[in-house]
Structure formats: C-alpha cells, structure tokens
Amino acid sequence: MYLTSPIVYGFFQWYPEWRTTVSLIGFAIMLLGMVGASFANSVAELLATQGILYGLGGSLLFFPVYSYLDDWFIKRRGLAFGVLIAGDGTGGVVIPLLSQWMLDKWGFRTAMRAWAIISFLFLSASLVCLKPRPKARNAVGPVSRGFDMRFLKSPAFWILQTGNICQGLGYFMPILYMPSFAAERGWPNITGTIAVSLCNVSLVVGATATGWIVDRYHVTTAIMISCIGTMVAVFIFWSFSVYQPMLFIFAITYGVFAGGFPATWSGCANPVRRSYPVENGMIVALFTAGKGIASVISGPVSGALVEADTWKGQLGFAYGSGYGKMIIFSGITASFASISWVGKRLGVV
C-alpha cells in the first residue's frame, strides 16, 4: 500500500476525472481481499488476499484523498493533513479491540467476513461524501495534466526524504513489539493491548498538533519537535519501563511525537518549492513510499535485533528484557530525522 502511492498519485495527476472510479475499484478489491482471506487455507493464499489484494485495494481507495485534500485546503492544509493522519490513530484504538473480540467469539473466517461487511457499510457512507472541489464557472483553458519531476534534483527533497526513511526504520518496532515486550516482563496480556491503544489515541493528538505547527512554522520545527520527543520517549520512558505505568507513559509520548511525524509531510513541499515547482500531493506520495521502504526493511531487522540480543538478563532496566538493542536502534533512527534541521542551518532546506 505504501509503495504504490507515487504510481497511484501520478495516475490521478494525468487523469483526475478517474479519481472517483478508481476509488470504487479499490474499494471492491479491498473487500474482495478480506472475503478471500476468510477462505484461505495456506500462508500463500493469505498473503495473496489479505496482503496483496487488500494492500492494492487500500492504496487505490486511500490515495485519491490526498488529491482531494489539495483541492479543498490551502491555508490550513497542514492541519487538514494532520487530521487525516489522526484517523489512523482513531482506527487503531477501536479496530484492534473489536477485531480481537470477533476473533475470540467467531474465529478467523467469520470475523474476516464480518469485518468486510462493517467496512462496506462505513466506507460506502464515506465515499458518498468524498468529492472534488467544484471548478469555478469562469474557468477557461485546458485541464492541466502530468507533473514536473525536476524537483528530484532538489537537495532539500533528498535531505527530507532521507530523514523520513531513517525515522521509519525504527518507527514500527515499538508499536509491533509492545505486546510481546509486556509479555516478556511477565505482565498480563491486556497490558500490551492497552499500551498499543494508548499509543494510537495519542497519535490523534500528535498528528493534529503537528499539522497545526506545520501551517505556522518552518517544517523543520515540527520535525525537530517530533524527533526530540521520540528520543525522550524511547531512551527515557521505554528504557526504564520496568513497571506497567512507565510502559503506558512511553506509549502515550511515543504516540504523540513519533505517531505525529507523518503529519510533517504536508509541509515538506515548501522548501523544495523554492527551487522547483512541485505538487504537495506528490511529495506526500513519495514520502509515503519512503516510509513503505523503511517498513519492509524494519521487519527482518527487528527480528534480527531480538534474535541477536545478548543483553537479556545481563543489563538493568528494559535493556535486559531481550529488547535492549531494539530500544537503542529505535532511538538512534529517530534521531536521524534531525538531518533536516542540519540542512536548514546550512541553508539547503
């Protein structure tokens, strides 16, 4: 879903009139993926349905929203994008709890079919409201198609993208491993679920606030706030999570600062635009792909970090939990986002 975003957005730049149609096609593919997954009998079938089909359909359904956002918002585009990102956090609170309840009550196959029905009902209502901005009645001239790719020559773009990818390398690890970390500490199973839910709730606040900051200050200000806050969350609160309340504090602060980081993408076009014309949506699409690359890499890396952790039982605090090297890795990769601030100081960003 992440990796296809530039292709999907590029298609909409050439054929904007297809946005609604493609959204409906993506909607159908996504539902097909969920229903198909309920009949899967092997890992390969599950990967093809819930993995490939669902991801492709979600991409076709979701990314037209970026172009609609550009249509409707100008002055408060950062805040609007932050609210859009905050939707991930809202879903991340409700969906895991509801999914777990359905899995426990009905099993995997029935739960997937039930979730397909729920998705159909809610998304159908949303698609009715999803419309492009009406064109001015006195607008003349041909519709602009395509896009200018000269912005790829901009050092500002590559500095910001590098920081984005580096931040993404460690971003997913704490969220994915919070439940297993809690179990390793001997805490009840509900502890990890609560921690993830708190992280997602906090993401709503973080993304909205970050979008507000992007509208009012240079984008590197928002990036540095996210960067420093994430480092504090990882190196202080996660590192010393020897009691459940400290893990919850970590989840909240990580959700606010790390979870809010994608809301900075809407402001990353401004430094690039000083040298080359660029659509805000294309920058967001490319940064989304960058995060996708990071997520693909972070999967095997996180497993290797846990497998190779020799600090378990040897060091104090959370560093001896079996996740010590992951904690260090997550904090260091978060710090690399500060490269954008360095670029600004050098006058490049």
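The values are calculated or read from the model by the stated rules, or taken from the named source; none is laboratory data. Treat the numbers as computed from the prediction; the structure is a model and nothing was measured. Neighbour counts are summed over all protein chains in view; Cβ atoms, including those assigned to glycine, are modelled from backbone coordinates with ideal geometry.
So if I check each of R76, R19, which one is touching a residue at least 60 places away in the same chain (Cβ under 8 Å) and in contact with an Asp or Glu (Cβ under 7 Å, 6 or more places away or on another chain)? Give the derivation first.
On the way: R19 fails: in contact with an Asp or Glu (Cβ under 7 Å, 6 or more places away or on another chain).
That would be R76, the only listed residue that is touching a residue at least 60 places away in the same chain (Cβ under 8 Å) and in contact with an Asp or Glu (Cβ under 7 Å, 6 or more places away or on another chain).
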(message) Can you tell me which condition L3 does not meet? The list is (1) buried (at least 17 other Cβ atoms within 10 Å of the Cβ); (2) modelled with pLDDT under 85; (3) of a type outside the set (F, W, Y), and all the others hold.
(response) (1)
(request) Among the candidates G255, G229, G267, single out the residue that is touching a residue at least 12 places away in the same chain (Cβ under 8 Å) and closer than 15 Å to D88 by Cα. (result) G255
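Among the residues of segment 193-214, is there at least one that is among the aromatic types (F, W, Y), surrounded by fewer than 23 Cβ atoms within 10 Å (Cβ to Cβ) and assigned to a helix (DSSP H, G or I)?
yes
Every residue, every condition in (1) hydrophobic (A, V, I, L, M, F, W, C); (2) touching a helix residue (DSSP H, G or I) at 6+ places or on another chain (Cβ under 8 Å); (3) closer than 21 Å to N280 by Cα; (4) touching a residue at least 40 places away in the same chain (Cβ under 8 Å), yes or no:
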{"position": "P6", "(1), (2), (3), (4)": "no, yes, yes, yes"}
{"position": "L47", "(1), (2), (3), (4)": "yes, no, no, no"}
{"position": "L61", "(1), (2), (3), (4)": "yes, yes, yes, yes"}
{"position": "S67", "(1), (2), (3), (4)": "no, yes, yes, yes"}
(message) I'm told S335 meets every condition in (1) touching a Lys or Arg at 6+ places or on another chain (Cβ under 8 Å); (2) in contact (Cβ under 8 Å) with a residue 24 or more places away in the chain; (3) not β-branched (V, I, T) except one. Can you identify the failing condition by its number?
(response) (1)
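In this structure, does K291 turn out to be in contact (Cβ under 8 Å) with a residue 24 or more places away in the chain, basic (K, R) and outside any loop (DSSP other than H, G, I, E, B)? Give the derivation first.
Working: in contact (Cβ under 8 Å) with a residue 24 or more places away in the chain: yes; basic (K, R): yes; outside any loop (DSSP other than H, G, I, E, B): yes.
Yes, satisfied.
Can you name every residue in segment 14-45 that is out of contact with any helix residue (DSSP H, G or I) (no Cβ under 9 Å at 6 or more places or on another chain) and among the charged types (D, E, K, R)?
Within segment 14-45, the subset out of contact with any helix residue (DSSP H, G or I) (no Cβ under 9 Å at 6 or more places or on another chain) is 14, 17, 21, 41-44.
Listed by number, the list holds a single entry, E17.
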(message) Would you confirm whether or not segment 318-332 contains a residue that is out of contact with any Phe, Trp or Tyr (no Cβ under 7 Å at 6 or more places or on another chain), under 14 Å from W238 (Cβ atoms) and outside any helix (DSSP H, G or I)?
(response) yes
(request) Would you kindly identify the helices (runs of 4 or more DSSP H) lying entirely within segment 42-124 that contain at least 3 residues that are touching a strand residue (DSSP E or B) at 6+ places or on another chain (Cβ under 9 Å) and surrounded by 19 or more Cβ atoms within 10 Å (Cβ to Cβ)? (result) none
(request) May I ask you to say which residue of F240, F248 is of a type in the set (A, V, I, L, M, F, W, C) and assigned to a helix (DSSP H, G or I)? (result) F248
